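Please read the structure below before turning to the comments.
The values are calculated or read from the model by the stated rules, or taken from the named source; none is laboratory data. None of these values were measured; they are calculated from a predicted model. Virtual Cβ from ideal backbone geometry, glycine too; neighbours counted across all protein chains shown.
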Amino acid sequence: MLDLELLKTLVCVVDERSFSRAADRVHRTQSTVSQQILKLETRLGHTLLRRDRTGKQVLPTESGELLANYARRLLAIAQEAEDALGRPASLPPVRIGVPEDFDAVRMSTILSGFIASHRGVRLETVSGMSTDLRRKLDAGEIDLALVKREPGSGECIASWPERLVWVSGAEGWLHEEAGDDRVVPLALFPPGCIYRQRAVRTLEIAGRPWRVAFGSQSLTGIQAAISCGLGVTVLPTSAVLADHVLLGERHGFPKLAPSELALVAASLPLSGVQRDIAQYLVAEIGTHSRAASTRARSRARARPG
């Protein structure tokens, strides 16, 4: 194993072309520098330095020049490692729970913006149904969570109302045989999702028969199923796609009560980093929600019954 101290001395001699000037750089006597070079030559079995014809300059041999190049790289890596270990320990990650039915692209965009402006912060996301995220918050497994819930059901850092609508595909429900007694094929998220609860309860109160035609934990999965005409679902207006059709009372689907997206914390007060990410989420989600809802209303097509 090569000694980094010996390699450092070699590089100094090669750079200075002098034992005496190299000795000044490494804060050792000239005789000590000469002994270190001799030790290195003995270890490797190669002559590394020689004096020029005037005897005033020390020049590297071919082996000495080759070793000096490697030495510079090794010394740079060693310094990099020392600098890395000398930095303050990184902050613990902020653990954020995100609903399964939340737009992954939307969330990634929001979080990437925060990381770009807070280079030293680490974020970890955990996805799951809102009921599962609440349990993880209570157990201290995550620090913050976005949850879908009934409006006003508990304390939160911030909340955003979600207008819910019935959605079908352009080639789906409206092209089938008319009649309010038809069994409604539903594309649903798993039990515990507020959109599923809204769909089932609203139809049952209205006396409309229904069945589960498709199920998925993924928002994109539900959106795709609706686009392909596999059934009817309940979505917030921000998740309605351009090829979706809104259904209303004239199609036999009762008006839906709104739900709520809320940012909640495991405990208060928040740490400095948690407060920063919470404030960022509040600002960004509010902006995204307003823009997405506006786009959805302008693009979605409602066809007359």
Practice task
Just one of (1) surrounded by fewer than 18 Cβ atoms within 10 Å (Cβ to Cβ); (2) modelled with pLDDT of 90 or more; (3) of a type in the set (G, A, S) trips up S259, so point out which.
Solution key: (1)
Practice task
Scan region 20-65 for residues that are under 18 Å from L4 (Cα atoms), small (G, A, S) and in contact with a helix residue (DSSP H, G or I) (Cβ under 9 Å, 6 or more places away or on another chain) and jot them down.
Solution key: A22, A23, S34, S63, G64
Fill in the blank from the handout: Within region 190-204, residues in contact with a Phe, Trp or Tyr (Cβ under 8 Å, 6 or more places away or on another chain) and at positive phi come out as none
Problem - Every residue from region 93-140 that is touching a residue at least 12 places away in the same chain (Cβ under 8 Å), of a type in the set (A, V, I, L, M) and part of a helix (DSSP H, G or I) - result: A104, M107, I110, L111, L133, L137
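Being free of Cβ contacts under 8 Å to residues at least 40 places away in the same chain and either under 20 Å from T61 (Cα atoms) or not assigned by TED's automatic domain parsing to the domain that holds E82 (or both) is the filter here; which residues of region 17-29 pass it?
F19, S20, R21, A22, A23 - these are the residues of region 17-29 that are free of Cβ contacts under 8 Å to residues at least 40 places away in the same chain and either under 20 Å from T61 (Cα atoms) or not assigned by TED's automatic domain parsing to the domain that holds E82 (or both).
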Problem - Any hit, region 52-61, residues being in a helix (DSSP H, G or I) and of a type outside the set (V, I, T) - result: no
Problem - Checking R43 against (1) surrounded by 13 or more Cβ atoms within 10 Å (Cβ to Cβ); (2) in a helix (DSSP H, G or I); (3) among the basic types (K, R), the condition it does not meet - result: (1)
Exercise for the section: State the number of residues belonging to region 221-242 that are crowded, with 21+ Cβ neighbours inside 10 Å, within 18 Å of A104 (Cβ to Cβ) and of a type in the set (A, V, I, L, M, F, W, C). Expected result: 6
Fill in the blank from the handout: Selection from region 119-150 of residues farther than 18 Å from P269 by Cα, of a type in the set (D, E) and surrounded by 13 or more Cβ atoms within 10 Å (Cβ to Cβ) yields D132, E150
Exercise for the section: Name the residue, out of L281, L268, that is more than 30 Å from V200 (Cα to Cα) and surrounded by fewer than 18 Cβ atoms within 10 Å (Cβ to Cβ). Expected result: L268
Fill in the blank from the handout: In region 1-16, residues that are of a type in the set (D, E, K, R) and closer than 18 Å to S63 by Cβ total 3
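One line per residue, one yes/no per condition, for (1) among the β-branched types (V, I, T); (2) modelled with pLDDT of 95 or more:
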residue	(1), (2)
I205	yes, no
I222	yes, no
A225	no, no
T233	yes, yes
A242	no, no
P254	no, no
Y280	no, no
